[in-house]
1. If residue 444 passes every condition in (1) within 16 Å of ligand 1 (Cβ to nearest atom); (2) within 20 Å of residue 37 (Cβ to Cβ); (3) without any contact (Cβ under 8 Å) to a residue 40 or more places away in the chain but one, which one does it miss?
2. Name the single residue that is farthest from ligand 1 (Cβ to nearest atom) among those in segment 50-75 being assigned to a helix (DSSP H, G or I) and either outside the structural domain of residue 122 (by TED's automatic domain parsing) or closer than 16 Å to residue 96 by Cα (or both).
3. I need a count of the residues in segment 109-132 that are surrounded by 20 or more Cβ atoms within 10 Å (Cβ to Cβ) and out of contact with any helix residue (DSSP H, G or I) (no Cβ under 7 Å at 6 or more places or on another chain).
4. Can you pull out the residues in segment 135-145 that are in a strand (DSSP E or B) and touching a residue at least 60 places away in the same chain (Cβ under 8 Å)?
5. When you look at residue 208, is it within 16 Å of ligand 1 (Cβ to nearest atom), closer than 16 Å to residue 128 by Cα, assigned by TED's automatic domain parsing to the domain that holds residue 118 and of a type in the set (Phe, Trp, Tyr), yes or no?
6. Could you go through segment 373-387 and let me know if any residue there is buried (at least 18 other Cβ atoms within 10 Å of the Cβ) and free of Cβ contacts under 8 Å to residues at least 12 places away in the same chain.
Amino acid sequence: MQISRYSEPEFDPYGDARETEPRGGWLAPTAIRPLDAALTLPGSKSLTNRELVLAALADGPSTLRAPLFSRDSELMIEGLRALGTTIERIPGRGDFGGDLRVTPADELTGSTTIDCGLAGTVMRFLPPVAALALGPTTFDGDEYARKRPMAGVVHGLQALGVDLDDDGRGTLPFTVHGTGRVGGGPLEIDASASSQFVSALLLSAARFERGLDLRHTGDRLPSMPHIEMTIASLAARGVAVASPERGRWVVSPGPIAAIDVDIEPDLSNAAPFLVAAIVAGGSVTIGGWPATTTQVGAQLIELLPRFGASVRRDGDRLTVQAPARPAGGGRGIRGVDLDLSEAGELAPNLVALAALADSPSTITGIEHIRHHETDRIAALATELNGLGGRVTELPDGLRLEPAPLHEGAWRAYADHRMATSGAIIGLAVPGVVVDDIGSTSKTLPQFTELWGKLLA
Ligand SMILES: O=C(O)C1=C[C@@H](OP(=O)(O)O)[C@@H](O)[C@H](O)C1
Ligand SMILES: C=C(OP(=O)(O)O)C(=O)O
């Protein structure tokens with residue numbers, strides 16, 4: 001399977017958006033004047049897909065207000081439906097497709113297959129749910145999804161006594177032979193490849209007979225804010241997660257409350273738009289910015305000033321203003337020395353920004369992003385160097401020296417954040433052609449439309 005499109009407003013991840021992909025790729029528009037744009041963005045992928053899972057496991061119906069409608073959320077919806085959950089799209093106040101009403105099944109049922117696409121949240125969060133369903137559930141996804149690490153979930157469930165048949169590979173495809181119950185109890189996993197292993201087990205843990213006492217055994221744990229987001233989403237539904245020490249989480253068995261939730265806009269998807277202001281000059285405002293949030297995208301408020309930008313909050317509006325252009329030439333973008341271990345999701349867009357800086361940058365702490373939608377460290381180095389960049393791969397990051405970039409092809413590797421990074425470079429460098437801009441439908445099907453508004 002290799003399908004990376006989601007056609008809005010159709011509710012079908014296999015839509016025919018491929019035909020709308022410009023032949024030969026998408027010519028990234030170059031900014032010809034400073035920006036002055038205000039945008040609002042669709043819902044957060046991470047929040048939408050957590051709330052869908054929790055709503056399906058809850059003790060009554062829940063409404064998700066203004067959720068994300070994209071390939072990743074559609075795959076999650078279809079997966080939960082396959083297990084017996086009723087999910088209806090209903091009118092809502094959001095601008096991006098309405099709300100979702102989720103009614104849990106009386107009893108989750110397997111005897112089905114689930115397509116995970118390339119969605120980490122689907123391939124990691126749903127196997128524990130399938131273990132709670134009666135009957136076998138086979139999981140598979142895009143070709144590259146079979147390369148993404150799954151060991152924490154696969155071996156974790158097996159250690160809990162779940163019959164999971166993975167032919168010993170520990171990756172997709174595999175079958176969970178659900179019996180309708182999971183014993184739970186103490187469990188050790190190594191989550192150094194992905195925080196999603198921890199989130200996956202915590203999301204279902206309250207439904208395990210003995211709950212879960214989960215311990216991470218690896219020497220590092222990436223994307224900690226995403227684990228905090230899981231804990232906060234559970235807390236809002238009455239499930240307490242105790243953390244008696246770093247790298248250990250304890251969940252008691254009990255009900256998951258049905259609640260109605262507002263899904264915040266996706267702050268990680270705000271990154272390319274905010275970065276655009278710094279590259280093109282001028283300012284970009286994102287509306288609906290939450291006052292408090294567990295999203296890692298909130299770190300942009302501290303990260304972007306490191307590059308020389310200024311950031312202003314005015315109620316729920318967040319504005320990024322470009323640095324002044326130096327009289328002697330250059331963009332005024334400062335190189336950075338950043339550890340992005342908490343915010344690996346933001347790395348591709350920030351690396352693109354660093355590639356346009358006037359001084360060198362080192363971005364580290366992101367070995368785990370080699371296991372995202374593609375090996376993002378290798379992909380960024382290859383694509384930037386293909387345009388004349390001076391980028392060196394490090395085991396856990398990238399070193400970038402300033403270099404004039406030239407026109408050329410930019411491969412997205414079916415990775416939405418590689419595609420948006422190509423768009424960022426194209427703002428400054430005429431003639432950058434992104435081969436698969438449709439990959440942005442993974443989390444933001446409206447990307448090209450919003451990018452057009454940004455530059456209008
Ligand atoms: O739980 C989540 O919603 C996510 C966790 C992170 O995964 P990793 O820990 O694998 O980086 C993040 O990068 C991903 O985009 C979304
Ligand atoms: C790593 C990402 O996605 P996934 O949820 O598929 O892991 C991402 O969106 O940057």
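The values are calculated or read from the model by the stated rules, or taken from the named source; none is laboratory data. Small disclaimer: the values here were computed from a predicted structure and weren't measured. For neighbour counting, all protein chains shown are included, and Cβ atoms are generated from backbone atoms with ideal geometry for every residue, glycine included.
1. Among (1) within 16 Å of ligand 1 (Cβ to nearest atom); (2) within 20 Å of residue 37 (Cβ to Cβ); (3) without any contact (Cβ under 8 Å) to a residue 40 or more places away in the chain, residue 444 violates only (3).
2. By that ranking, first place goes to 74.
3. Step one: list which residues in segment 109-132 are surrounded by 20 or more Cβ atoms within 10 Å (Cβ to Cβ), which gives 110, 114-132.
Right, trim to out of contact with any helix residue (DSSP H, G or I) (no Cβ under 7 Å at 6 or more places or on another chain) and you get 130.
Number satisfying all stated conditions: 1.
4. Filtering segment 135-145 for residues in a strand (DSSP E or B) gives 135-140.
Answer for segment 135-145, where residues must be in a strand (DSSP E or B) and touching a residue at least 60 places away in the same chain (Cβ under 8 Å): just 140.
5. Details: within 16 Å of ligand 1 (Cβ to nearest atom): no; closer than 16 Å to residue 128 by Cα: yes; assigned by TED's automatic domain parsing to the domain that holds residue 118: yes; of a type in the set (Phe, Trp, Tyr): yes.
No: the conditions fail for residue 208.
6. Start the filter on segment 373-387 by keeping residues that are buried (at least 18 other Cβ atoms within 10 Å of the Cβ), which leaves 373-377, 379-381, 383-384, 387.
From what's left, free of Cβ contacts under 8 Å to residues at least 12 places away in the same chain: 375.
Looking for residues that are buried (at least 18 other Cβ atoms within 10 Å of the Cβ) and free of Cβ contacts under 8 Å to residues at least 12 places away in the same chain, one finds at least one in segment 373-387, hence yes.
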